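Visitor: Sharing a structure, written as structure tokens. Questions coming.
The values are calculated or read from the model by the stated rules, or taken from the named source; none is laboratory data. This is a predicted model, so every value here is computed, not measured. When we count neighbours, we look across all protein chains shown, and the Cβ atoms used for this are built from the backbone with ideal geometry, even at glycine. Ligands, DNA and RNA are excluded from the accessible area calculation, which covers all protein heavy atoms including side chains. Shrake-Rupley method; radii C 1.70, N 1.55, O 1.52, S 1.80 Å.
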Amino acid sequence: MITLTPIAAVAASHVEHLLDLAFGTDRHQRTAYRLREGVEALPELSLAALEDGKLIGSIQCWPIQLTGDDGESTPLILVGPVAVAPGRQRAGVGRMLMEAALAKADAAGREPMMLIGDASYYERFFDFSSRHTGGWAVPGTVERDRLLARLRPGQAVPGHGRLGPRVAALVPGDD
């Protein structure tokens, strides 16, 4: 049986090993890593999937921001990486992790969420779309149709701006 637990309950070295297996050891060069540089994952939204005590999947969520052309910052949450052990891929583990993290974010009324991923999959199952992200700049390269956002009813994001790590001192209301 698969159980979900806070990722903080799992040794960081085990998570890093899983990420290496799922994405390769060169994964740190990807744009998503640059978006979250210097910030810690959100512990309440970052989860591990365990089966018989063994780590088989993980999801991490990160505080980032979209800085508009006017200098105003909009807080966002970057979802990912969603990693599943190679022998367990296509068994629903990633989907389970994603559903749990999104449910926690929705229940807490969290910020709009974004990710870099397969548009057809993430739009079909989780309502992420590229319709809001066409004017967003990122620190690195990205296929535009893979830059996706998910907004709950009543949420809005600027159509233009630059994505980057959320620096606490720049976020209104954070002390």
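Visitor: Beta carbons within 10 angstrom, averaged per residue: use that to sort the peptides 138-151, 110-123, highest first.
Guide: 110-123, 138-151
Visitor: OK, next. With a 1.4 Å probe and all protein chains left in place, how much of the accessible area of the chain comes from carbon and sulfur atoms, in whole percent?
Guide: 51 percent
Visitor: Then there is this: Cα centroids of the stretch 37-62 and the stretch 75-125: how far apart, whole angstrom?
Guide: 11 Å
Visitor: Can you work out the base-10 log of I(q)/I(0) for the chain at q = 0.14, 0.15, 0.16 1/Å, using the Debye formula on its C-alpha atoms alone?
Guide: -0.73, -0.84, -0.96
Visitor: In a GNM of the chain with a 10 Å cut-off on Cα contacts, which of Gly159, Gly68, Gly53 has the highest mean-square fluctuation?
Guide: In the Gaussian network model the winner is Gly53.
Visitor: Between Asp26 and Phe125, what's the calculated FRET efficiency when r is the beta-carbon distance and R0 is 35 Å? Round to 0.05.
Guide: Working from the Cβ atoms, E equals 0.80.
Visitor: Can you give the helix-only mean residue ellipticity at 222 nm for the chain, where every DSSP H stretch with n ≥ 4 adds -39500 (n - 2.57) and the sum goes over all residues, rounded to the nearest 500 deg cm²/dmol?
Guide: Dividing the helical sum by the residues of the chain leaves -6500 deg cm²/dmol.
Visitor: What residue among Gln155, Gln89, Gln65 shows peak mean-square fluctuation when the chain is described by a Gaussian network model with Cα springs under 10 Å?
Guide: So, out of Gln155, Gln89, Gln65, the one fluctuating most is Gln155.
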